[in-house]
Amino acid sequence: MLKIFLASICFFLLSARTSFSQSPTYVVLWFDTEDYVDPIADDAALRIANDLTSLGIQATFKIVGEKARVIEHRGRTDVIQALGRHCIGYHSDWHSIQPVPALNLQHFGFLEGAQEFERRQRPGFEDLSRIFGVTPACYGQPGSSWAPQSNLALRRMGIHVYLDSGNQIGYHDQPIWFGGLLYAYNMGPYQLRADLDHNIPESESFRHFDEATKQLRETGGGLISIYYHPTELVHTEFWDAVNFAQGAVRKRDAWVLPRRRTSEDAERCFQILKRYVEHAKSQPGVQFVTANDLLRIYANPTPPIVDKRTLAQHFSKNITFLSLNSGDLSAADILLQLLDLPAQYVDGPLRRGATSYTAKTIPDFVFASAISDVKSFIETNHYLPSEVFVGSQTLSLADFAATLSSQVLSPGSIRIEQGHLAFEQYVSTDAHKSFSWPIHPPGFAPDELLDMARLQAWTLKPARLR
Ligand SMILES: [Zn+2]
């Protein structure tokens, strides 16, 4: 008995010490594997996959559908097997062939856009699943060609992680839940890499990595994201930039090869990558994770049940997510609890609804009927309404949420309140910058997609490590 007691004390002290001194720093290392033009890129992917396997590191290879098809067609079972020892993600069917996703989806609504995305992207997803024998664990867009409609389509395809490096949406440089997916995106100072082309000395790259891990340790742990393209290690220019720049289309037999590095230079790049991951691996508390692991190390997004007054007080100041000791709630989670609906994921509204209601108060029976209508709408459609009918007039969803909160806080006569959508601040307002990519046509700036992201930010909340 005493022995068991002492053992449990030791275990307790040991785990207390571990968690106190070492908040975990997770590193997700991923490779956008996309160059289907030059076969030498297949060898680069093979080399990287094998190097990492021999270092005992599992990475995530986000593979383009056409890339998977060409390596199969070229008979590269060695490449398929080597990549298959790592986590497989999806990186669109054709990457830079027009219309690329953001261009394609710019003028689509949310629901039709999701269908359109699935129509174009499912074939590559299925080829990848067939060739590698697994369901891809994550998706990330080609270049900056991001679109919010992809979230719904990806969920339908069984993908629950969004892994990439854009800046259209984000919160505090760490993973978020958005659109029902775990987003490792917009990681700011935690998006790192060792420079391949002598611009930043290696010692400097190591120092940046160490600083990032130190900062994460001090703030309870977190994620560092590192990515490369296998093609970068064997070429000095991108396979798509030389063929498809600025919206260009080009017949397959006219595709040109990107300029290659010399074999010595390529070897130098492989060594830089190898030393960088060795350095990362040797740091205390650092653990490499894959896109699949992310769903295990982050707590599932089911919100905690919270006292309604707390939620209503929060909403009457700002409509945005709420982080408590017990967990995180998106604005949509909060609205559902205020409406007494069971916790479930629902998408944001499809349009920006407006308030046309002019009186200052609402009769009880009219508001009660509006509430029951909203509940039925959400249960039926699994997304939030754009506006709420109050008799023949409307309240925007934000004003409805604020009015509902005020009724929770002071039952009695129902006064119209204006809601302030604070979560919109986490969405970029600069479409030109956020969608900058040499493959997009000149001047491409799809404000519509950022507007849609603001609507979908009802679903945004920080992701929390378990
Ligand atoms: Zn790419």
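Read the figures in this text as sums done on the coordinates, not as results from a lab. The structure displayed is predicted, hence computed values, not measured ones. FYI the Cβ positions are ideal-geometry reconstructions off the backbone, even for glycines, and counts take in every protein chain you see.
In what order do ARG217, ARG464 fall by count of nearby beta-carbon atoms within 10 Å, going from fewest to most?
ARG464, ARG217
Kindly list the residues of the stretch 336-369 that lie in the label zone of ASP451, defined by a backbone N under 17 Å from the point 7 Å along the Cα-to-C-beta vector.
Within reach of a label on ASP451, which here means backbone N under 17 Å from a point 7 Å along Cα→Cβ, the stretch 336-369 contributes 348-355.
In whole Hz and in residue order, list the ³J(HN,Hα) couplings for the stretch 411-419 that follow from phi through the Karplus curve 6.51 cos²θ - 1.76 cosθ + 1.60, θ = phi - 60°; x for Gly and Pro.
x, x, 5, 9, 9, 6, 10, 9, x
Taking 26 Å as the cut-off for C-alpha to C-alpha distance, list the pairs among LYS308/LYS360; LYS317/LYS360; LYS67/LYS433; LYS375/LYS461; LYS67/LYS281; LYS308/LYS375 that go past it.
Checking Cα-Cα distances, LYS67/LYS433; LYS67/LYS281 exceed 26 Å.
Note down the relative contact order for the chain as a percent, whole number, built from C-alpha pairs under 8 angstrom at least six residues apart.
For the chain, the relative contact order is 19 percent.
What's the magnitude of the charge dipole for the stretch 382-462 around its Cα centre, counting Lys and Arg as +1 and Asp and Glu as -1 at the beta-carbon? Answer in Debye, nearest 20.
200
Of SER145, GLN418, HIS86, which is farthest along the charge dipole of the chain in the positive direction, counting Lys and Arg as +1 and Asp and Glu as -1 at C-beta?
So the residue we want is HIS86.
Kindly put TRP255, TRP437 in sequence by how many other C-beta atoms sit within 10 Å of each C-beta, fewest to most.
In increasing order of surrounding Cβ atoms, one gets TRP255, TRP437.
To the nearest 0.05, what FRET efficiency results for ARG268 and ASP210 with a Förster distance of 22 Å applied to their C-beta separation?
Rounded to the nearest 0.05, the efficiency is 0.45.
So, R0 is 25 Å and r is the distance between the beta-carbons of GLN313 and LEU341; what FRET efficiency does that work out to, to 0.05?
0.80
Along the Cα-to-C-beta direction of GLU126, a point sits 7 Å from the Cα; which residues of the stretch 73-98 have their amide N less than 20 Å from that point?
Only 73, 89-95 fall inside the zone, counting backbone N under 20 Å.
Taking other Cβ within 10 Å of each residue's Cβ, how do ILE200, ILE371, ILE88 sort, fewest first?
In order of increasing Cβ crowding within 10 Å: ILE200, ILE371, ILE88.
Please give the contour-minus-distance gain from ARG156 to LEU465: 0.36 nm per residue of separation, less the Cα-Cα distance, rounded to one decimal in nm.
Roughly 108.7 nm would be gained on extension.
Residues of the stretch 139-180 with backbone nitrogen within less than 19 Å of a virtual label 7 Å along the Cα-to-Cβ line of GLN115, please, listed as ranges.
Backbone N within reach: 148-158.
Stretched out fully, how many nm does the piece from SER282 to GLU237 gain, at 0.36 nm a residue minus the Cα gap?
Going from the current span to full extension adds 13.0 nm.
Using amide H atoms built 1.01 Å from N in the peptide plane, name the residues 5+ places from TRP30, or on other chains, whose amide H lies under 5 Å from its own.
THR60, ILE226, TYR227, TYR228
Assuming 0.36 nm per residue, please report the length gained on full extension of the stretch ARG85 to ASP364 beyond their Cα-Cα distance.
94.3 nm
As an exercise, use a Förster radius of 30 Å and the Cβ-Cβ distance of LEU295 and HIS420 to find the FRET efficiency, rounded to the nearest 0.05.
So the FRET efficiency works out to roughly 0.35.
Can you find, among PRO363, LEU329, SER376, the residue farthest towards the positive end of the dipole of the stretch 326-384? Put +1 on the C-beta of Lys and Arg, -1 on that of Asp and Glu.
Result: PRO363.
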